[in-house]
1. Between Ile144, Ile154, which is within 17 Å of Ala20 (Cβ to Cβ), aliphatic (A, V, I, L, M), out of contact with any Ser or Thr (no Cβ under 9 Å at 6 or more places or on another chain) and free of Cβ contacts under 8 Å to residues at least 60 places away in the same chain?
2. Quick one: Lys69 ticks every box in (1) in contact with a strand residue (DSSP E or B) (Cβ under 6 Å, 6 or more places away or on another chain); (2) closer than 21 Å to Val127 by Cα except a single one, so which number is it?
3. Among residues belonging to the range 9-44 that are part of a helix (DSSP H, G or I) and hydrophobic (A, V, I, L, M, F, W, C), point out the one that is farthest from the ligand (Cβ to nearest atom).
4. Would you kindly identify the strands (runs of 3 or more DSSP E) lying entirely within the range 55-166 that contain at least 1 residues that are within 22 Å of Tyr4 (Cβ to Cβ) and modelled with pLDDT under 95?
5. Which number in (1) within 14 Å of the ligand (Cβ to nearest atom); (2) surrounded by fewer than 16 Cβ atoms within 10 Å (Cβ to Cβ) marks the one condition that Gly89 misses?
Amino acid sequence: MAAYDKHYTKTEYFGEPYKALVAFFEQYSSRGKLVDLGAGQGRDALFLAALGYEVDAVDVSVVGLEQIKAQNPLIKTVKADIHAFCVSGYDFVLMDSMLHFYRKDMEKERRLVEKVLEDMSIGAVLVNCLSKSGKAEKTLMSIIEAARWNFEIIENSYIDYPEGKCEYHLLAIKKQ
Ligand SMILES: C[S@@+](CC[C@H](N)C(=O)[O-])C[C@H]1O[C@@H](n2cnc3c(N)ncnc32)[C@H](O)[C@@H]1O
């Protein structure tokens, strides 16, 4: 049983998708193949599929993946460990609330980001949302700057999240 299975007995455990995240993908000039790494119950995967993105949802929670499939059978659900998942071939990679850079997870998350940056296809866009934290944002940026590829920053802003009474940082980068 995956850790989040018990939480996903509650509908929309993480609430609505962030409005600014929806707006980012709505206004984006092109659609394409998108992978949602750690898709949860699909709050993002579902709206992205409705917008016309071809969405693959990856998670270890079968409960979450089954809920996604039940709401939109066109979304491909993949039970897999995101640390071993290759994002090559996708136009967009979404990571929402997957990174925190707490001390105990620092190295694992660092390796995850390094692998995603390495595997991403040229021209692909990584969109990451993390709970506002100067330290975590700096860590993420330092990993991006140390990568052997160049990334163009196409969005770097804060998202209001009234349900959580906090803000999220939205970063979107394109591999050059
Ligand atoms: C904080 S939730 C975020 C869910 C979703 N991204 C959202 O914002 O609604 C983290 C999700 O990542 C999944 N997860 C955690 N570690 C994972 C791993 N190594 N491989 C695949 N999924 C993982 C959990 O099962 C959970 O659904």
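The values are calculated or read from the model by the stated rules, or taken from the named source; none is laboratory data. Everything quoted here is computed from the prediction, not taken from an experiment. No Cβ is skipped: glycine too gets one built from the backbone with ideal geometry, and neighbour counts run over all protein chains shown.
1. Values: Ile144 fails: within 17 Å of Ala20 (Cβ to Cβ).
Of the residues listed, the single one that is within 17 Å of Ala20 (Cβ to Cβ), aliphatic (A, V, I, L, M), out of contact with any Ser or Thr (no Cβ under 9 Å at 6 or more places or on another chain) and free of Cβ contacts under 8 Å to residues at least 60 places away in the same chain is Ile154.
2. Against the list (1) in contact with a strand residue (DSSP E or B) (Cβ under 6 Å, 6 or more places away or on another chain); (2) closer than 21 Å to Val127 by Cα, Lys69 comes up short only on (2).
3. Ala23
4. Numbers: elements: 76-79, 92-96, 125-131, 151-161.
Correct list: 125-131, 151-161.
5. For Gly89, the exception is condition (1).
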